[in-house]
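Working notes, beginning with the structure itself.
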Amino acid sequence: MPRQRCRGRRGQRTDPAKLRAELARVRDRGYSVNHNQFRPGVCAIAAPVLDGDGTPLATVAVSLPDSRFEPGRLAGPGGLVTGTAAEITARHLG
């Protein structure tokens with residue numbers, strides 16, 4: 001079956017190469033960013049809680065209104081969600 005291009009909502013990555021590049025960025029920094037992709041005016045930063053094999057079990061996320069979203073300051077809340085997710089992961093594996 002030939003690959004077909006997905007039709008996504010506004011702002012979603014549907015091009016396979018762009019999606020792979022975005023997934024690589026998410027893996028590198030440890031968290032994902034949703035900037036008005038699911039619902040206009042709502043943004044989120046999220047990190048996975050993992051099992052012993054590295055499979056995602058849950059997500060720790062922070063939502064905020066678009067008016068408070070500052071792309072240059074994502075490392076702060078990104079660090080908080082990744083740290084919290086890592087702590088939950090460690091307790092789960094404990």
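The values are calculated or read from the model by the stated rules, or taken from the named source; none is laboratory data. Quick caveat: nothing in here was measured; it's all calculated off a predicted structure. Cβ atoms come from the backbone with ideal geometry, glycine included; neighbour counts cover every protein chain shown. For accessibility, only protein heavy atoms count, side chains too; no ligands or nucleic acids. Shrake-Rupley method; radii C 1.70, N 1.55, O 1.52, S 1.80 Å.
Numbers below:
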| read-out | value |
| --- | --- |
| Potential lengthening between GLU87 and HIS35 on full extension [0.36 nm per residue; Cα-Cα distance subtracted] | 16.2 nm |
| Selected from GLY52, GLY41, GLY79 as most flexible by GNM, with the chain as the system and alpha-carbon contacts under 10 Å | GLY52 |
| Long-range amide H partners of VAL42 with built H, under 5 Å | ASN36, ASP66 |
| Two-site label geometry, SER67 and ASP15: point separation in nm, points 7 Å out along Cα→Cβ | 3.4 nm |
| Amide H partners (placed H, <5 Å) of THR59, local residues excluded | VAL49 |
| Segment ASP53-LEU74, length gained on full extension (0.36 nm per residue, minus Cα span) | 4.8 nm |
| With DNA, RNA and ligands ignored, accessible area of GLU70 (1.4 Å probe; Å², nearest 10) | 90 Å² |
| Computed magnitude of the charge dipole of the chain (debye, nearest 20; Cβ of K, R +1, Cβ of D, E -1) | 560 debye |
| Carbon plus sulfur fraction of accessible area for the chain, probe 1.4 Å, in percent | 54 percent |
